[in-house]
Structure formats: C-alpha cells, structure tokens
Amino acid sequence: MSTPFHKVAIIGLGLLGGSIGLAIGEYLPGVATTGYDRNRATRRRAAERGLVQTVADSAEEAVAGADLVILCVPPGAMGEAAMDCAPGLSAEAIISDVGSSKVAVAKALAEALPNHTVIPAHPVAGTENSGPDAGFASLFQGRWCIITPAQDEDAAKVARLSALWEGIGARVEIMDPAHHDRVLAVTSHLPHLIAYTIVGTARDLEEVTESEVIKYSAGGFRDFTRIAASDPTMWRDVFLSNRTAVLEMLQRFTEDLTELQKAIRKGDGETLFDHFTRTRAIRRSIVEMGQDTAQANFGRD
Ligand SMILES: NC(=O)c1ccc[n+]([C@@H]2O[C@H](COP(=O)([O-])OP(=O)(O)OC[C@H]3O[C@@H](n4cnc5c(N)ncnc54)[C@H](O)[C@@H]3O)[C@@H](O)[C@H]2O)c1
Ligand SMILES: O=C(O)C(=O)C[C@]1(C(=O)O)C=C[C@@H](O)C=C1
C-alpha cells in the first residue's frame with residue numbers, strides 16, 4: 001500500500017496513541033512516527049517500548065515536519081494539546097484526534113487551530129486499560145473508525161485520513177458529528193455509566209461484603225467490573241463533553257427500566273420474556289457481524 005502520510009505525530013502516548021504508533025510501525029512501515037506525552041515517565045516508557053520512532057521533549061518539537069498530527073489525549077485536554085502543537089505545525093498538516101465525543105472536541109480543536117485543517121475522528125476500539133503499557137498494534141483490526149469532517153472539508157484530505165486508518169486495519173465510516181454523539185451515547189457512553197453505577201451499588205450494599213463481591217463475580221457482574229475499571233479522567237471528560245446526548249439516552253433508559261421494574265412487580269412474565277427475546281436477537285446479530293470485542297480482541301492476551 002502507498003503511504004498516505006510521510007510523518008505522523010502522535011500527542012498522548014497512552015492506550016490509543018501507543019496503539020496507533022505500534023500499528024503504523026507494523027502495518028505502514030514507510031510512515032515515520034514521532035510522539036509526545038506531557039507525562040515524563042510516559043515518554044520514557046514510550047521510548048522503551050518503541051511506541052513511536054522518536055519521542056520528543058515537547059509537542060512543538062514532535063509535530064515539526066509532520067503531515068498528520070493525531071491528538072490522543074482525554075477529550076477535555078484536546079484544546080490545550082492542540083495549542084501546544086500550534087507553534088511547530090506546518091501549514092499543510094492535517095490535525096486529527098481520537099476523542100470519544102465529537103461535537104465538543106471538534107469545536108475545541110477548531111478554536112485552538114483556526115488556520116489549520118482539522119478532521120476529527122473516533123476509532124471505536126479500546127479496552128479498560130490506559131497508559132503507555134496498554135497499547136497494542138492490532139487494536140484497530142476490523143474495528144470501525146468514524147471520521148466526522150466539516151461539511152465543506154476537502155474530500156481528498158478526508159480520503160488521506162481514511163487511508164491511514166484503513167492501512168492500520170480499521171473500517172472507515174464518515175458521519176455527522178452530532179449524529180456520532182447520539183449513536184455513541186447509547187452504544188458506548190451509557191453502558192459505561194451503567195457499569196460505573198452497578199459496581200458502585202454493589203460496593204455500597206452493606207450486606208454484600210467486599211469478599212463476596214469478588215468471590216461471586218464470575219457471572220454478569222464480572223463484565224461490568226471490566227468496563228467500570230476504565231480510565232476515570234477520560235470518562236469524566238466523555239460525560240461532560242457529550243452531556244446533552246447522554247442525558248437524552250439516560251432519560252429513555254430510565255423510562256425503559258421503569259417498565260421492566262413494573263413488569264417484575266406485577267409478575268408480568270410475558271413482558272419480561274418478550275423484552276429479553278428481543279435483546280438476545282440484538283446480541284446475536286452483533287456477533288454475526290463480527291463486532292464482538294471478545295472475538296475481535298481474541299488472541300491478544
Ligand atoms: N480508552 C478507550 O477505550 C478509547 C477508545 C477510543 C477512543 N478513546 C479516546 O482516546 C483518547 C485517549 O484515551 P486513552 O485511552 O489513550 O487514554 P490514556 O490515559 O491511555 O492516554 C492519554 C495520554 O494523554 C496524555 N496527556 C494528557 N493531557 C495531555 C496534554 N495536554 N498533552 C500531551 N499529553 C497529554 C496523558 O499523560 C496520557 O498518557 C481520549 O480522548 C479517549 O476519549 C479512548
Ligand atoms: O472495549 C472497551 O473496553 C471499550 O470500552 C471500548 C470503547 C467502547 O465503548 O466500545 C470505549 C470508548 C471508546 O470511545 C471506544 C470504544
């Protein structure tokens with residue numbers, strides 16, 4: 001495959017930044033990589049693991065000569081990270097990101113870099129782990145990357161960014177940012193909120209001692225604990241930056257939960273059975289489409 005970019009700078013060398021660096025090294029070896037993280041220990045570890053070819057001492061230095069810059073910092077830090085890059089950016093560079101919410105992040109990036117090409121993106125791939133040891137090259141294989149360009153964006157630039165993501169294994173979808181935020185609110189953000197809630201509820205129950213929570217966590221609860229172990233900084237920022245869509249989906253969820261609560265109280269088995277039958281079909285279609293994380297990540301542990 002021809003290389004869509006000559007030099008990619010990655011700002012933030014945790015799970016996402018590290019995985020992109022490793023993936024480019026493995027699947028697009030003709031593309032040079034540089035990186036920067038504001039945390040000194042992370043920079044040291046990134047260099048030891050070879051997450052990127054060169055670890056710089058500043059964002060400005062990392063982006064010098066790069067034709068693509070990918071910001072891989074928490075959603076709330078995007079604007080600041082972009083501003084740190086500004087003095088070193090070449091006029092032709094495309095600036096992108098991997099933030100889990102898109103409207104607020106796109107706005108922050110456009111405000112920070114008004115004279116540059118900003119094309120936001122969100123790879124729908126991740127784990128509950130974070131930091132420079134969490135990344136792995138195959139993270140994006142077969143996973144979606146949603147690109148949310150401005151309506152008047154140059155199609156050729158969007159195509160180059162798409163080629164980069166496809167080159168490291170992702171399938172690309174172009175989407176309106178507000179639509180992205182509503183879809184992800186229900187498929188990713190709300191599930192995380194539910195997991196954070198239920199694990200907290202179990203912890204707070206007086207009759208469920210900590211040891212019982214651990215002892216009996218082989219069932220459904222265990223899956224929730226994995227999700228609830230996700231990075232607190234990132235998820236605080238996701239909920240604050242996508243609050244409108246999350247609150248809308250939370251309202252719908254609460255209404256549906258109340259319906260099920262009513263059915264249980266009334267002993268209405270038919271309602272429960274019908275509901276569970278419908279949700280079982282959704283799970284089966286996800287597995288058939290090959291979108292099951294457990295399957296997609298199979299073999300990496
Ligand atoms: N974790 C996931 O599953 C997942 C999946 C898709 C997208 N994302 C998005 O990817 C982004 C990064 O998430 P992650 O999981 O890689 O987090 P992470 O905590 O593993 O890595 C983030 C890194 O950014 C660094 N950082 C923070 N502020 C900075 C700044 N101003 N300048 C330079 N470095 C800075 C931190 O030191 C950290 O090393 C977030 O925006 C998140 O929404 C995460
Ligand atoms: O698999 C997981 O651990 C994830 O939470 C990954 C996940 C998701 O919800 O699907 C989390 C946040 C992202 O923005 C994208 C992917």
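Over 10 Å intervals from 0, what percent of Cα-Cα pairs in the stretch 179-267 sits in each interval?
P(r) for the stretch 179-267, in whole percents per bin: 15, 38, 35, 12, 0.
Placing one identical point scatterer on every Cα of the stretch 114-208 and ignoring solvent, what is log10 I(q)/I(0) from the Debye formula at q = 0.10, 0.19 Å⁻¹?
Each listed q corresponds, in turn, to -0.39, -1.02.
Taking just the alpha-carbon atoms of the chain, what radius of gyration and Dmax come out, in angstrom?
In order Rg, Dmax, the Cα atoms of the chain give 20.7, 67 Å.
Taking chymotrypsin sites (Phe, Trp or Tyr not before Pro) as candidate sites, keep only those in a DSSP loop with at most 14 other Cβ atoms within 10 Å, then name the longest stretch of the chain containing none of them.
The longest such stretch corresponds to 1-215.
Which FRET efficiency value, to the nearest 0.05, is calculated for residue 257 and residue 226 with the Förster distance at 35 angstrom and r the Cβ-Cβ distance?
Approximately 0.95, to the nearest 0.05.
If you roll a 1.4 Å probe over the chain with all protein chains in place, what percent of the accessible area is carbon or sulfur?
Of all accessible area on the chain, carbon and sulfur atoms account for 54 percent.
Quick check: net charge around residue 38, other residues with Cβ under 10 Å of its Cβ, Lys/Arg +1 and Asp/Glu -1?
-1
How many nm separate the modelled label positions at residue 176 and residue 49, each set 7 Å beyond the Cα in the direction of the Cβ?
Here the modelled spin labels are 3.8 nm apart.
Ratio of Rg to Rh for the stretch 38-80, alpha carbon only, Kirkwood?
That ratio is 0.95, to two decimals.
Under a 1.4 Å probe, what is the accessible area of the chain per residue, stated in Å²?
Per residue, the chain has an accessible area of 53 Å².
Any idea what angle helix 15-27 forms with the longest principal axis of the chain, computed on alpha-carbon atoms, 0 to 90 degrees, nearest 10?
Long axis of 15-27 versus the principal axis of the chain: about 60 degrees.
Taking only the C-alpha atoms, wrap a convex hull around the stretch 150-190 and report its volume per residue in Å³ as a whole number.
That works out to 70 Å³ per residue.
Could you compute the net charge surrounding residue 28? Neighbours are other residues with a C-beta less than 15 Å from the C-beta of residue 28; K and R count +1, D and E count -1.
Value of the local net charge: -1.
Using a 1.4 Å probe, how large is the accessible area of residue 175, given in Å² and rounded to the nearest 10?
Approximately 40 Å² of residue 175 is accessible to the 1.4 Å probe.
If you keep only loop residues by DSSP, which GluC sites (Glu not before Pro) in the stretch 63-142 have at most 10 other Cβ atoms within 10 Å of their Cβ?
92
Contact order normalised by length for the chain, with contacts defined as Cα pairs under 8 Å and 6 or more residues apart; what percent is it?
With pairs under 8 Å counted, the relative contact order is 16 percent.
Could you compute the FRET efficiency for residue 198 and residue 244, with r as their C-beta to C-beta distance and R0 at 22 Å, rounded to 0.05?
0.40
Provide, in order from the shortest bin, the percent of all Cα-Cα pairs of the stretch 1-70 in each 5 Å bin, continuing until the bin that contains the maximum pair distance.
Per 5 Å bin, starting at 0, the Cα pair percentages come out as 4, 21, 34, 25, 12, 4, 1.
Just check the stretch 7-175 against the gyration tensor rule for me: Cα atoms, a ≥ b ≥ c as the square roots of the eigenvalues, rounded for a/c under 1.5, and otherwise prolate or oblate depending on whether a/b exceeds b/c.
Cα axes put the stretch 7-175 in the rounded bin.
Report the normalised scattering of the stretch 56-128 as log10 I(q)/I(0) at q = 0.26 Å⁻¹, calculated by the Debye formula with identical scatterers on the alpha carbons.
-1.22
Using helices alone, I'd like the mean residue ellipticity at 222 nm for the chain: each DSSP H run of four-plus residues gives -39500 (n - 2.57), total over residue count, nearest 500.
Value at 222 nm, helices only: -15500 deg cm²/dmol.
Evaluate the distance, in nm, between pseudo-label points positioned 7 Å from the Cα of residue 279 and of residue 91 along their respective Cα→Cβ axes.
Those two pseudo-labels are separated by 5.6 nm.
The values are calculated or read from the model by the stated rules, or taken from the named source; none is laboratory data. All values reported here derive from a predicted model rather than from experimental measurement. Cβ sites come from the backbone with ideal geometry, for glycine too, and all protein chains shown count toward neighbours. Note: areas computed on protein heavy atoms with side chains; ligands, DNA, RNA excluded. Shrake-Rupley method; radii C 1.70, N 1.55, O 1.52, S 1.80 Å.
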